[in-house]
Amino acid sequence: MEILNRKARYEYDILDKYEAGIVLTGTEIKSIKKGNANLKDSYAVIKNGEIYLLNMFIAEYKEGNIFNHDETRTRKLLLHKNEINKIRDRVSIKGLTIVPIRLYFVRGRAKIEIAVARGKHTYDKKETIKQRDIDREMKKSLKGKY
């Protein structure tokens, strides 16, 4: 099970990637395993030497009871102190932000891949679309030859 933030690669230039654990409740894990999560509008911030993920949507677990979770609550990310310091140093540069790229499981534990990224301008986004179309056409023409 892997949940991707497809908009992140379109909207941002990825500079550094980090793998982090994420603190979740039981109903959140069950909902993620069913594929009911979305990273689209989420981002991370550093507060008091810890990294928190904001705006990540995890749908309520249908079989959950009154102890079901809040869908867009703030969630703590688990990283080593030296990694947090590196990220803080990079993000202090103007124009950089922390964006989640994908959510996946490693040996039953939820992990999230976050990236230090720089926002793209409109002309950069158009260039990305143009390059993707060119690559698609090349693959199509090569497929017919073999």
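So here's what we get for this one:
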| read-out | value |
| --- | --- |
| Selection from the range 1-29 of residues that are out of contact with any strand residue (DSSP E or B) (no Cβ under 9 Å at 6 or more places or on another chain) and β-branched (Val, Ile, Thr) | 25 |
| Strands (runs of 3 or more DSSP E) enclosed by the range 1-51 - at least 2 residues per element that are closer than 25 Å to residue 127 by Cα | 12-22 |
| One residue from 115, 110 being in contact with a Lys or Arg (Cβ under 6 Å, 6 or more places away or on another chain) and closer than 30 Å to residue 58 by Cβ | 115 |
| Search result, residues across the range 54-72 that are modelled with pLDDT of 80 or more and of a type in the set (Gly, Ala, Ser) | 59 |
| Residue 84 vs. criteria surrounded by 16 or more Cβ atoms within 10 Å (Cβ to Cβ), of a type in the set (A, V, I, L, M, F, W, C) and in a strand (DSSP E or B) | no |
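Okay, residues lined up against (1) small (Gly, Ala, Ser); (2) farther than 23 Å from residue 12 by Cβ; (3) surrounded by 15 or more Cβ atoms within 10 Å (Cβ to Cβ); (4) within 16 Å of the chain's Cα centre (by Cα):
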position: 38; (1), (2), (3), (4): no, no, yes, yes
position: 47; (1), (2), (3), (4): no, no, no, no
position: 62; (1), (2), (3), (4): no, yes, no, no
position: 71; (1), (2), (3), (4): no, yes, yes, no
position: 95; (1), (2), (3), (4): yes, no, no, no
position: 129; (1), (2), (3), (4): no, no, no, no
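The values are calculated or read from the model by the stated rules, or taken from the named source; none is laboratory data. Worth saying up front: this structure is predicted, and the values here are computed from it rather than measured. So basically every Cβ, Gly included, is an ideal-geometry build from the backbone, and we count neighbours across all protein chains shown.
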